[in-house]
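Engineer: Can you keep this structure in mind? I'll have questions shortly.
The values are calculated or read from the model by the stated rules, or taken from the named source; none is laboratory data. All values derive from a computational prediction rather than experimental measurement. So basically every Cβ, Gly included, is an ideal-geometry build from the backbone, and we count neighbours across all protein chains shown.
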Amino acid sequence: MRRLAALPAALLCIVALVVPAGAQQAPRHDELSERIQQARGLYITAPYVRVNGARGVVRIIRSSAMDAAVLDLKDATGRVNYDSAIPELQEQETRLHGDVRALVQTLHENGIVAIARIVCFNDPVLAHRMPDRAIQDVRAHRRGRTRVWTSWGTGGAWLDPWDTRNHDLVISVAREAEALGFDEIQLDYIRFPVDDGVPYAHYPHEQQDVRRRDMLHAFLGRLDDAVRIPVGVDVFGIQAYWEGDSSGLGQDLSLWTDVVDVYSPMLYLNAMRDWERGTQDRARRLVQIGVQRMRQRLGPRPVIRPFLQAFEQEAEDWGPRFIANQIQGARRGGSDGFLFWHPGSNYGTVQRAMQGIAHSLSPFPIPEDRTRARVGFGG
């Protein structure tokens with residue numbers, strides 16, 4: 001249990017806005033079973049679920065020799081793909097997943113870990129519906145006007161990561177995910193935007209004397225205390241290689257280890273520019289080095305389960321061997337498991353790879369030092 005007294009004074013003010021006076025913080029009960037620690041899975045889009053149903057999800061997971069499915073509850077387009085009771089989200093519901101409780105139950109009946117992906121601050125729909133909770137355009141702000149800022153990277157509007165109402169929203173979605181039976185929460189876009197349009201971004205609720213990393217740490221702590229299932233985060237691949245938060249994302253991975261159970265760095269070659277270009281087994285090397293550096297910094301306790309690339313962009317040697325090399329890199333680097341990402345859930349190449357050499361590489365063993373470090377993990 002983290003101590004509020006250890007937080008900076010400005011952060012205590014943020015926490016005071018959302019924690020009633022005299023309220024007791026619930027103890028953490030994040031159970032990390034061996035099955036969750038070693039999970040290997042696929043990201044499954046909501047449209048795929050809508051077309052193929054629960055049985056289709058089971059088929060693609062099994063035919064890929066996987067045992068986990070990452071499902072979008074709230075995605076980067078602003079869609080809410082389930083029947084939510086949260087007032088702010090009523091106009092964003094698509095319910096593409098149908099009966100989510102039944103979907104999760106079907107996954108469990110087939111031995112599949114159900115992971116709920118929740119996009120935090122990249123929400124172009126809610127940002128325009130509730131502009132007072134969004135990142136503002138500084139040029140309009142200087143003229144006394146309100147205009148929602150648009151990211152040059154994602155092409156859409158963002159919610160203000162400083163606004164505690166947006167924290168409350170994500171926590172509410174996480175609670176609903178737990179109530180629906182999901183095994184794990186996976187937070188994406190748990191960061192600030194860092195594209196070329198950032199000089200024009202104004203954060204109405206920014207605390208000038210609080211670092212971004214500390215504010216996000218406090219938010220993650222509140223969320224972790226609100227649910228009893230493991231909390232994971234998707235992080236920029238670059239954060240796997242470097243210490244601290246030099247890019248301004250707000251993602252300081254070492255700082256988060258007391259409130260995050262699972263780290264999923266997105267180690268995609270298309271985001272690595274020219275790193276190691278021309279070297280033999282580039283895919284394996286980049287994944288292996290990224291996981292190794294994370295493990296060295298974070299120690300044995302957190303689960304490291306990278307997102308690997310299942311799409312062709314920037315893959316010089318695209319094919320089953322490319323898939324197998326990434327898995328081999330994850331294993332050699334000290335990963336606990338792995339996930340594959342394809343934006344359209346097209347995993348034919350992954351399936352072919354897993355029928356060959358890659359199948360023999362999983363599940364990964366859990367070394368004794370991690371087993372010891374994870375006794376009472378999250379308690």
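Engineer: Checking Val194 against (1) of a type in the set (Val, Ile, Thr); (2) under 15 Å from the mean Cα position of the chain (by Cα); (3) modelled with pLDDT under 95, only one condition comes out false. Which one?
Structural biologist: (2)
Engineer: Looking only at the stretch 175-223, filter to residues that are in a helix (DSSP H, G or I) and basic (Lys, Arg); which one of those is nearest to Arg145 (Cα to Cα)?
Structural biologist: Ranking the qualifying residues of the stretch 175-223, first place goes to Arg212.
Engineer: Select the helices (runs of 4 or more DSSP H) contained entirely in the stretch 23-118, then report the ones holding at least 1 residues which are among the charged types (D, E, K, R) and buried (at least 16 other Cβ atoms within 10 Å of the Cβ).
Structural biologist: In the stretch 23-118, no matching helices (runs of 4 or more DSSP H) lie anywhere.
Engineer: Could you tell me which residue of the stretch 123-151 is surrounded by the fewest Cβ atoms within 10 Å (Cβ to Cβ), considering only residues that are without any contact (Cβ under 8 Å) to a residue 60 or more places away in the chain and over 18 Å from Gly78 (Cβ atoms)?
Structural biologist: Gly144
Engineer: Could you list, in sequence order, all residues of the stretch 312-337 that are under 21 Å from Arg35 (Cα atoms) and charged (D, E, K, R)?
Structural biologist: Arg331, Arg332, Asp336
Engineer: Of the numbered conditions (1) more than 17 Å from the chain's Cα centre (by Cα); (2) at positive phi, Tyr189 fails exactly one; give the number of that condition.
Structural biologist: Tallying (1) more than 17 Å from the chain's Cα centre (by Cα); (2) at positive phi, Tyr189 fails exactly one: (1).
Engineer: Within the stretch 228-238, track down each residue that is within 12 Å of Val260 (Cα to Cα) and in contact with an Asp or Glu (Cβ under 7 Å, 6 or more places away or on another chain).
Structural biologist: Within the stretch 228-238, Ile229, Pro230, Val231, Gly232, Asp234 meet the criteria.
Engineer: Let me ask another. Quick one: is Ile61 modelled with pLDDT of 95 or more, touching a Ser or Thr at 6+ places or on another chain (Cβ under 9 Å) and under 21 Å from Gln351 (Cβ atoms)?
Structural biologist: So Ile61 fails the test.
Engineer: Within the stretch 39-80, how many residues are under 17 Å from the mean Cα position of the chain (by Cα) and of a type outside the set (Asp, Glu)? Steps first, please.
Structural biologist: Just the residues of the stretch 39-80 that are under 17 Å from the mean Cα position of the chain (by Cα), to begin with: 39-46, 68-80.
Filter again for of a type outside the set (Asp, Glu), leaving 39-46, 68-71, 73-74, 76-80.
Residues that pass the stated criteria total 19.
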